[in-house]
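Structure first, then comments.
The values are calculated or read from the model by the stated rules, or taken from the named source; none is laboratory data. All of these numbers come straight from a predicted model, not from anything done at the bench. Cβ placement follows ideal geometry from the backbone for every residue including glycine, while neighbour counts extend to all protein chains displayed. These area figures cover heavy atoms from the full protein model, side chains too; ligands, DNA and RNA do not enter into them. Shrake-Rupley method; radii C 1.70, N 1.55, O 1.52, S 1.80 Å.
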Amino acid sequence: MGQSFMMNPYGCKDAHSLNGKWNAIIDLYSRGEPMKFYQNRKPEKKSQFIEYTFDGGLRLDVPGDFNSQIPELKYYEGNVWYQRFFEAKKSLGNRQFIYFAGVSYEAAVWLNGKEIGRHEGGFTPFQFDVTEHLVDGKNDLIVLVNNNRRVDGIPAMNFDWWNYGGILRDVFFIDRPSTHVHDYKVQLKKGESKIIAGYVQLRGATSPQKVQLTINELGIQQVLTTNTQGYVAFEIPATPELWSPQSPRIYDISIAVGHDRVSDEIGFRTIEVKGADILLNGKSVFLKGINFHEEIPQRKGRAYSEADAAMIISEVKALGCNFVRTAHYPQNEHIVRVAEKAGLMIWEEIPLWQGIEFSNPAILKKAETMLREMVYRDKNRAGVIIWSVANETSPSDYRDQTLTDLVSLTRSLDDTRLVSAAFDNMRYNKETSTFYIKDKVSEVVDVVGMNKYMGWYNPFRDEPKNIKWDVATDKPLIMSEFGGEALYGQRGPADVAHHWSEDYQETIYRQNYRMFENIPNLRGTSPWVLFDFRSPYRCHQTYQNGWNRKGLISDKGQRKKAWQVVKDFYEKR
Ligand code: GCU
């Protein structure tokens, strides 16, 4: 479970894309492993036949979910086999890897008929060292993907988004010198704005190595010497222009050892909590946010490319946001990088989403792996300011302990960012019209996320202006989800919910914004959700038809009336 992987293939000159059309076999009855599809055999004798072949059949785009590629796969949950050849030249002494940016939900990978590894988790990268099994010339790469939901999965059996399966994200063949840069962190030292600190971890080093860290615009060409395990930590005085939404300054950095070199684009900023304030670069900030899924509604499929990221982020910016919650899982690296360059602060989370079997010890292990892989991948992204460990989980001894452990693990992996979780279990005292919370996990996070659908799932039981909030007032509170549904173009009375009208959705936003004025520690809002998105949860045959209609924008890109209410609210902040 969980493979460590190299940092940032996008900045590695030796990373060669394996994207494109792959051959595929739909294996509904899981016949492929018993029949050894991974050997990709051909008949050798006249009397012989092989009852499978990858040739001349289904071809699927990689990256991309398979559900949206052919109508027969719209609801498919099960095994799909992918196969492609690629040419390689074995450079003597080098190490070769296959890197997957994301495969949902589980992957098993073979090269030239040899199993090279397996990975569980649909939203974080992994890679396998294939040096021993690579041949000069044509190599046969086969991947078995399974997207069955599972009781001990993360997410588990039910979740309010489409269960897209497939090789969802980029794939690379990487050919590296035997001693190469495997991991690095280059950020401001915690609590400092004039010291760049971090580390470099090489792979393949057996003696101290000279590593060059270069940030030309800061006059840094630092030669560092690693220990015999290839590790070196550093602190370098510098005065970088700080990254912020107003000025999302990033610097070209490179790290080189011998013939190996990795480049990246890194921003520097500080983020901290002080009482009920969130301080970005020492100044209190209000998070003008929005939630979105990793989906292009017009294509009815997963977002995966830089162009997809640019489309989503352009709508985020049009709304006047400075913050995004990439719900409910680590989204692809293009989205994180494009958001960061657009000056957006980011809340990233692992998909511990309702209905999790916390009593199963395997869950903590899987959640830890996903958390490690998320932090590992994005620890150099200045835009990421919050790591979140869960969404709407119900208090219990198992859940409280698991989440408390995950909060501690997050801090041990990265003490420079804030840790949060989204809660929906606040309580209401009707005598005093006051919301409050009793939840052990809300006491251990830095920032509390509140998901509350007043006016939709929960009718207002008093005038919004009379409703008070006394929730975790010792720390910042973000309304991490709120809103309601509307079918674009549907009109109706502004006080009737069951018409799915834009007019009622607009009312919900106006009422919630009035209530938010009474939250003393409110430091951010993030409406649910930017676009209508696909979900098997949503079965109203007139208004939903498999779509969650809480979008401010329809599945065809049309802005609803509530969009303007949010835009105006942010313009006034
Ligand atoms: C929940 C959940 C979302 C879901 C939303 C809704 O708060 O976090 O994933 O889509 O509510 O019901 O629309």
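Looking at ALA367 and the list (1) open to solvent by less than 10 Å² (accessible area, probe 1.4 Å); (2) touching a Phe, Trp or Tyr at 6+ places or on another chain (Cβ under 7 Å); (3) farther than 22 Å from TYR570 by Cα, which single condition is not satisfied?
ALA367 satisfies all of (1) open to solvent by less than 10 Å² (accessible area, probe 1.4 Å); (2) touching a Phe, Trp or Tyr at 6+ places or on another chain (Cβ under 7 Å); (3) farther than 22 Å from TYR570 by Cα except (2).
Let me spell it out: the conditions are (1) within 14 Å of the ligand (Cβ to nearest atom); (2) touching an Asp or Glu at 6+ places or on another chain (Cβ under 9 Å), and TYR488 meets all of them except one. Which number is the exception?
(1)
May I ask you to verify whether GLY524 is open to solvent by less than 10 Å² (accessible area, probe 1.4 Å), part of a strand (DSSP E or B) and in the same structural domain as TYR453 (by TED's automatic domain parsing)?
Considered against the rule, which asks whether it is open to solvent by less than 10 Å² (accessible area, probe 1.4 Å), part of a strand (DSSP E or B) and in the same structural domain as TYR453 (by TED's automatic domain parsing), GLY524 comes out as yes.
Filter the range 371-390 for residues that are over 20 Å from LEU344 (Cβ atoms), within 16 Å of the ligand (Cβ to nearest atom) and either touching a Phe, Trp or Tyr at 6+ places or on another chain (Cβ under 9 Å) or in contact (Cβ under 8 Å) with a residue 60 or more places away in the chain (or both) and give the result.
Once the filter is applied, which keeps residues that are over 20 Å from LEU344 (Cβ atoms), within 16 Å of the ligand (Cβ to nearest atom) and either touching a Phe, Trp or Tyr at 6+ places or on another chain (Cβ under 9 Å) or in contact (Cβ under 8 Å) with a residue 60 or more places away in the chain (or both), the range 371-390 yields only ALA390.
Being within 23 Å of LEU60 (Cβ to Cβ), buried (at least 17 other Cβ atoms within 10 Å of the Cβ) and either more than 16 Å from the ligand (Cβ to nearest atom) or modelled with pLDDT of 95 or more (or both) narrows it down to one of GLU115, GLU120, so name that one.
Answer to the check: GLU120.
Identify, from the list GLU348, GLU357, the residue that is surrounded by fewer than 23 Cβ atoms within 10 Å (Cβ to Cβ) and among the acidic types (Asp, Glu).
From the options GLU348, GLU357, the qualifying one is GLU357.
Consider the range 528-552. How many of its residues are buried (at least 16 other Cβ atoms within 10 Å of the Cβ), within 11 Å of the ligand (Cβ to nearest atom) and not in a strand (DSSP E or B)?
Total meeting the criteria: 9.
If you take the residues in the range 428-467 that are assigned to a strand (DSSP E or B) and away from the ligand (no atom under 16 Å from the Cβ), which one is nearest to ILE290 (Cα to Cα)?
Filtering first and then ranking leaves VAL447.
Only residues that are open to solvent by less than 10 Å² (accessible area, probe 1.4 Å) and among the aliphatic types (A, V, I, L, M): list them for the range 451-502, please.
MET454, ILE467, VAL471, LEU477, ILE478, MET479, ALA486
Just to be sure I understand, how many residues within the range 184-200 are among the polar types (S, T, N, Q) and more than 24 Å from the chain's Cα centre (by Cα)?
Count: 1.
If I ask for residues that are open to solvent by 40 Å² or more (accessible area, probe 1.4 Å) and β-branched (Val, Ile, Thr), which ones from the range 426-449 would you list?
Result: THR432, VAL444.
Any residue in the range 294-317 that is under 23 Å from LYS567 (Cα atoms) sitting within a Cβ distance under 8 Å of a residue that is among the small types (Gly, Ala, Ser) and modelled with pLDDT under 95? List the pairs, counting only those 6 or more apart or interchain.
Pairs found: none.
Filter the range 4-20 for residues that are part of a strand (DSSP E or B) and over 16 Å from VAL103 (Cα atoms) and give the result.
The answer is CYS12, ALA15, HIS16.
For the range 232-255, what are the residues that are more than 16 Å from ASN380 (Cβ to Cβ), surrounded by 17 or more Cβ atoms within 10 Å (Cβ to Cβ) and out of contact with any Lys or Arg (no Cβ under 8 Å at 6 or more places or on another chain)?
VAL232, PRO245
State whether one or more residues within the range 413-432 are of a type in the set (D, E, K, R) and within 15 Å of the chain's Cα centre (by Cα).
Among the residues of the range 413-432, not one is of a type in the set (D, E, K, R) and within 15 Å of the chain's Cα centre (by Cα), which makes the answer no.
Scan the range 24-35 for residues that are open to solvent by 20 Å² or more (accessible area, probe 1.4 Å) and touching a residue at least 60 places away in the same chain (Cβ under 8 Å) and report the count.
Matching residues across the range 24-35 total 1.
Which one of these is within 16 Å of the ligand (Cβ to nearest atom) and touching a Gly at 6+ places or on another chain (Cβ under 6 Å): ASN158, ASN147, ASN163?
None of the other options fit; the residue is ASN158.
Out of the range 506-527, which residues are within 15 Å of the ligand (Cβ to nearest atom) and touching a Lys or Arg at 6+ places or on another chain (Cβ under 6 Å)?
SER526
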